[in-house]
1. Cβ-Cβ under 8 Å, sequence separation 6+ or interchain: first residue in the stretch A:143-163 and away from every other protein chain (no Cβ under 13 Å) and farther than 16 Å from A:ASP87 by Cα, partner part of a helix (DSSP H, G or I) and not aromatic (Phe, Trp, Tyr). Which pairs?
2. Looking only at residues that are touching a His at 6+ places or on another chain (Cβ under 9 Å) and of a type outside the set (Asp, Glu) in the stretch A:144-184, which one is surrounded by the fewest Cβ atoms within 10 Å (Cβ to Cβ)?
3. Among the residues of the stretch A:199-209, are any among the acidic types (Asp, Glu) and without any contact (Cβ under 8 Å) to a residue 24 or more places away in the chain?
4. What's the number of the condition B:SER217 fails, among (1) modelled with pLDDT under 95; (2) among the hydroxyl-bearing types (Ser, Thr, Tyr); (3) under 22 Å from A:ASN48 (Cα atoms)?
5. Taking the condition of being of a type outside the set (Phe, Trp, Tyr) and either in contact with a strand residue (DSSP E or B) (Cβ under 6 Å, 6 or more places away or on another chain) or within 21 Å of B:ALA98 (Cβ to Cβ) (or both), how many residues in the stretch A:70-84 meet it?
6. Can you name the residue in the stretch B:27-82 that is within 13 Å of chain A (Cβ to nearest Cβ), among the charged types (D, E, K, R) and touching a residue at least 40 places away in the same chain (Cβ under 8 Å) and is also surrounded by the fewest Cβ atoms within 10 Å (Cβ to Cβ) among such residues?
7. From the residues in the stretch B:83-95 that are in contact (Cβ under 8 Å) with a residue 24 or more places away in the chain and buried (at least 18 other Cβ atoms within 10 Å of the Cβ), which one is farthest from the other protein chains (Cβ to nearest Cβ)?
2 protein chains.
Amino acid sequence: MMKLYGYWRSLATCRVRIALALKNLSAEEVSIDLMQGAQHGELYGSINPQAVVPSLIIDDGPPLFQSLAIIEYIDETHPEPPLLPGDARNRARVRGLAQIIAADTHPLIVPRVRGYLENVLQVDEAGRNRWIEHWTMQGLQSVEAHLHKESEDHRFCHGDTPTIADICLASQVFGAQLFKFDTSSVPRVMQIFRECMKVPAFERSQPLKQPGAPVQSAH
Amino acid sequence: MMKLYGYWRSLATCRVRIALALKNLSAEEVSIDLMQGAQHGELYGSINPQAVVPSLIIDDGPPLFQSLAIIEYIDETHPEPPLLPGDARNRARVRGLAQIIAADTHPLIVPRVRGYLENVLQVDEAGRNRWIEHWTMQGLQSVEAHLHKESEDHRFCHGDTPTIADICLASQVFGAQLFKFDTSSVPRVMQIFRECMKVPAFERSQPLKQPGAPVQSAH
């Protein structure tokens, strides 16, 4: 029995959701409404003292936390299909690409940081959106630059099957799309993103397909 | 032959430096002066297209990037002493603690973010220091809260030998000390930090002991 504590638009939750789907694992998802501050409630605090999503509880084990740590756990305990290459050097490359997004990009645009910009630094909405765009695109452009150093004959960041690098890449493109940012400066990233979206595990895990997301118009 | 591209006060470089020292590996260190913008030079751009430190080059292999990816590579290729527990669940906990620092804390206070606060958002020095203190202490307090959920009979974050969680913890405490922040709200973190400082690999890897660091007075 798996329980994933997350939120429909959380990009870190999305990463774990994709990983579970790629492994054909199903988890009950519990929504922690970040916009209402539910992550700061006492109940969730006992699960995740950092007051962030996601957390994953498996059976009656202690909650797992931090998206990449959770994904590596899933990969180690359910090895097929692998989400990391078999060779140490290639694993380092894939982990490095994943961390450009999960460490150096996404943490800059999460609700707690946007809240500090708004409430402490009095940055207006336009300024906050420029902040989000700046760091989102800088992260994706860093990944793009790394990708151009390598062969571009492959479907994904590393080879022809998805890895944690693709999971992170796709999650951040979902974020860029939620804010309607121009992604024309990262063509290789977008090419890989389109390949990801052909994989049902990615397609059905996107933020806008989750319960709680605003209903999209048909066109 | 290993070459570590870093900077004396870079906390991410410090993490890799500690890991190499724990493994008894020596690397030639090349200083990329982040204060002078050397990370944006053409030479370093060909090594690390993200224009951040550290990068590690081993023999004539491609540069490794992102501190945690580099450390896991070092751990996989030089298994003794191990920097991760042998069991998947414990590994997830250690990686999660490490990522609270390396993903959710440190990237918020790096030079490029401080530059954006100063140059784009016109935040003055006092405001920038409050920003750095807020995120540094929030990160350390999150680790503290996690540590209190577990047995406190051990020397380090997980057991009696250092792991990547301790490496990240120590690096962020070095950062807090560089800024002279009050760390009295994180007693368990500081207790572990003091244990780390008894280990020569940590002690000699600290920012203030590196070439280029300001000379400390004797008292």
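The values are calculated or read from the model by the stated rules, or taken from the named source; none is laboratory data. Because the structure is a prediction, the values reported are computed rather than measured. In this analysis, Cβ positions are derived from the backbone assuming ideal geometry, glycine residues included, and neighbour counts consider all displayed protein chains.
1. Pairs that qualify, where the first residue is away from every other protein chain (no Cβ under 13 Å) and farther than 16 Å from A:ASP87 by Cα and the partner is part of a helix (DSSP H, G or I) and not aromatic (Phe, Trp, Tyr), are A:GLU152/A:ARG188; A:ARG155/A:ILE192; A:ARG155/A:GLU195; A:PHE156/A:ALA165; A:PHE156/A:ASP166; A:PHE156/A:ILE192; A:PHE156/A:GLU195; A:PHE156/A:CYS196.
2. A:GLY175
3. Yes.
4. Looking at each condition in turn, B:SER217 falls short on (3).
5. 9
6. Taking the candidates together, the pick is B:ASP59.
7. B:LEU83
Residues are listed down the side, and each one gets a yes or a no for (1) more than 7 Å from chain A (Cβ to nearest Cβ); (2) not in a loop (DSSP other than H, G, I, E, B):
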{"position": "B:ILE100", "(1), (2)": "no, yes"}
{"position": "B:ASP104", "(1), (2)": "no, no"}
{"position": "B:ARG112", "(1), (2)": "yes, yes"}
{"position": "B:LEU117", "(1), (2)": "yes, yes"}
{"position": "B:VAL123", "(1), (2)": "no, no"}
{"position": "B:ALA126", "(1), (2)": "yes, yes"}
